[in-house]
1. Do we find that Arg169 is of a type in the set (D, E, K, R) and in contact with a strand residue (DSSP E or B) (Cβ under 9 Å, 6 or more places away or on another chain) in this structure?
2. Would you pick out the residues in the stretch 144-174 that are part of a strand (DSSP E or B) and touching a residue at least 40 places away in the same chain (Cβ under 8 Å)?
3. Of the conditions (1) within 25 Å of Trp6 (Cβ to Cβ); (2) in contact with an Asp or Glu (Cβ under 8 Å, 6 or more places away or on another chain); (3) at pLDDT 95 or above, Pro103 clears all except one; give me its number.
4. Which one is surrounded by the fewest Cβ atoms within 10 Å (Cβ to Cβ), of the residues in the stretch 175-189 that are touching a Pro at 6+ places or on another chain (Cβ under 9 Å) and in a helix (DSSP H, G or I)?
5. Limited to the stretch 203-231, what total is found for residues that are surrounded by fewer than 24 Cβ atoms within 10 Å (Cβ to Cβ) and within 20 Å of Ile75 (Cβ to Cβ)?
6. Does Leu192 fit the bill of being outside any helix (DSSP H, G or I) and either in contact (Cβ under 8 Å) with a residue 60 or more places away in the chain or not polar (S, T, N, Q) (or both)?
7. Which one is nearest to the chain's Cα centre (by Cα), of the residues in the stretch 132-162 that are surrounded by 20 or more Cβ atoms within 10 Å (Cβ to Cβ) and polar (S, T, N, Q)?
8. Counting only residues that are touching a Gly at 6+ places or on another chain (Cβ under 7 Å) and closer than 27 Å to Glu158 by Cβ, how many does the stretch 79-113 have?
Amino acid sequence: MAAVKWIECPRDALQGCPRPIPTERKAELLRRLLAAGLRHLDCASFVSPHAVPQMADSEAVLAQLGAIPAGAELIGIVLNRRGAQRAAATPVTTLGYPYSISPAFQLRNANQTPAQARAELQAIQQAASAAGRKTVVYISMAFGNPYGDDYSPQLVAEAVAWVAGLGIREVSLADTVGRAGAPAIAALFAELRPRFPDLELGLHLHGRREDAAAKVTAAYAAGCRRFDGALGGLGGCPFAEDELVGNIPTEVALPALAAVGAQTPAVPRDWAGALDWVEQLRREYC
């Protein structure tokens, strides 16, 4: 039985909701997730409020968290040096950077060329290290893209190798638009895992609820031990396509992983309560 790390993604879940969610409601969601026993939260975004208005109050949300359980990881997404400085002034423990192998998506998502993205990531890594924070990089469009940009597993491998060369040890392959089926996910992970044995190589999958179990169990069989998802399957990237493709639902993925022998995080103590809170937010704001 192998242990898996589960990263719950309320930031990704809520960022595309069109109606502003009050700061105190977001903070309450994070408190409920922590109380439920989830210890790795992708919970904040330090980007332009004009680009992602739903996350404009990330500092205020984190300030309302109160006591944070020992060992909890709080991930904040940053796109540049200014974002890294903002994140370093909060309780965030890990800076997350989305690095796309699709130039078109890097421009849409971060308003950066590939060269600019590499320069910013190097600066972010240096800032994170100086502030005693970790860095995780998401390889966006790791399973193909809808823009006609070149794609191959070798391009993914080259991106992962470059990121690892910066001293970053945590990398997640992101299916940003939910294009990949279970066989493709398993094949890419099985190819890359042996090439990067010293990395914590994970998966950030978007997709339909009915496909979630097959995708995560295929990845687990191929050696994946780090997964991202969100209760209720809420979310998706607002800069990818017109239709948001949600995150892998936590309440589907964790039982599916446990069923094939994975050692998953302890069953949340308030699983139903946390899920109900997410569904309430969906009805009111999304």
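1. yes
2. Listed by number, the residues that qualify are Glu170, Ser172, Ala174.
3. (1)
4. Narrowing the stretch 175-189 to residues touching a Pro at 6+ places or on another chain (Cβ under 9 Å): 176-177, 179, 187-188.
Retained after the next criterion (residues that are in a helix (DSSP H, G or I)): 187-188.
Values: Ala187: 15, Leu188: 21.
Checked the stretch 175-189; the qualifying residue surrounded by the fewest Cβ atoms within 10 Å (Cβ to Cβ) is Ala187.
5. Final tally of qualifying residues: 2.
6. no
7. In this case the residue turns out to be Ser140.
8. Adding up the residues that qualify gives 2.
The values are calculated or read from the model by the stated rules, or taken from the named source; none is laboratory data. These numbers were taken from a predicted model, which means no experiment stands behind them. Cβ atoms come from the backbone with ideal geometry, glycine included; neighbour counts cover every protein chain shown.
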